[in-house]
């Protein structure tokens with residue numbers, strides 16, 4: 001079997017909203033009436049989602065389809081800040097009000113769900129395999145004192161470029177070199193337990209998330225459409241397992257795996273033993289055991305990345321890389337097409353495997369009803 005190096009999405013869809021900085025002085029703004037209207041319009045849908053999540057009713061709602069049309073926000077920053085970090089200048093007060101509301105709701109949701117008895121509340125209470133996965137996915141920057149939990153297919157290649165620039169291993173984020181996902185990078189797993197505890201307690205911690213089904217589709221198109229090693233190792237096995245007449249075939253290319261076949265494969269996999277490119281984000285970064293100061297989103301990548309770089313005190317000339325010319329974004333239309341090729345029964349069985357990614361990070365469940373797929 002070939003040795004597989006982790007690869008990550010190069011760039012997300014551009015966005016204009018950034019994550020929540022410190023609360024602004026609302027009384028100083030002349031647009032207070034407008035802001036109150038925006039708050040009143042925003043609260044019902046967000047609060048409804050938070051109540052549903054906190055009550056643990058998402059699995060039931062999958063069957064009833066009640067979340068299909070609900071709008072929910074992209075994830076925002078955790079309210080905690082460490083003393084050694086630089087403060088970020090306040091933004092437009094109206095935007096800050098919305099961000100603060102969503103931040104408060106999201107933090108309450110995470111606390112409520114992570115407060116369940118079956119959740120790990122410490123890195124050291126996890127099983128050895130879980131802890132190993134987590135520590136191998138948290139990158140460390142000693143100079144700027146931050147920890148970044150990378151999630152494959154959520155722009156982590158570019159974040160690794162940024163980390164290499166900040167550590168002096170790379171001259172510029174735009175240097176055209178094939179990304180080595182291990183060289184010149186420091187992982188939390190490289191440290192002793194006491195050193196790990198110190199960094200988890202004192203360093204600024206952040207991660208980035210993505211709509212779960214869009215992330216799966218991105219992994220599917222990249223690994224089975226472009227990467228020979230994944231076609232040979234995973235694709236051939238999937239074809240033999242789920243395609244009639246191929247169970248005993250000796251030589252299978254594995255380069256024509258269909259998306260429904262990929263979904264069938266995921267249904268039979270243990271989330272804790274999945275390949276990192278389709279392992280749930282929750283299992284990779286364990287947000288109940290690690291209290292992240294900031295959780296940015298792929299959908300707001302441009303603004304959220306700029307916020308993080310300013311927050312950690314990175315030099316102003318270090319900017320998050322722009323999207324590569326070859327990158328193929330997963331659009332809403334593309335995702336709709338692929339999801340509607342999968343039998344509804346399979347999708348209903350798949351969603352619970354990623355339910356924590358949907359609920360903790362504020363993503364609505366996809367609409368895969370027959371009526372929706374007719375359009």
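The numbers here are math on the coordinates, done by the rules we state, and not lab data. Note that the coordinates shown come from a computational prediction; the quantities given were computed from them, not determined experimentally. Here Cβ is always computed from backbone atoms with ideal geometry, including for glycine, and neighbour counts include all displayed protein chains.
Side notes on the structure shown:
- Remark on region 183-313: Rg and Dmax equal 18.8, 58 Å (Cα only).
- Stretchable slack from residue 124 to residue 190, in nm (0.36 nm times residue separation minus alpha-carbon distance): 22.2 nm
- Shape category assigned to region 137-217 from the gyration tensor of Cα positions, a/c cut at 1.5: oblate
- Rounded if a/c under 1.5, otherwise prolate or oblate - region 111-257, Cα gyration tensor axes: oblate
- Within region 136-280, DSSP assigns beta bridges of which about 55% are antiparallel (rounded to the nearest 5).
- R0 of 45 Å, Cβ-Cβ distance residue 116-residue 328: FRET efficiency to nearest 0.05: 0.75
- Viscosity 0.890 mPa s, temperature 25 °C, Stokes-Einstein D of region 329-375 from Kirkwood C-alpha radius, µm²/s: 213
- Contour excess over end-to-end distance, with Cα ends at residue 228 and residue 267 and 0.36 nm allotted per residue: 11.7 nm
- The distance between label points at residue 243 and residue 275 comes to 1.5 nm (points 7 Å beyond Cα on the Cα→Cβ vector).
- Geometric extent, Cα atoms of region 251-322 - Rg, Dmax (angstrom): 17.9, 53
- Label-point separation, residue 318 to residue 136 (7 Å along Cα→Cβ), nm: 2.6
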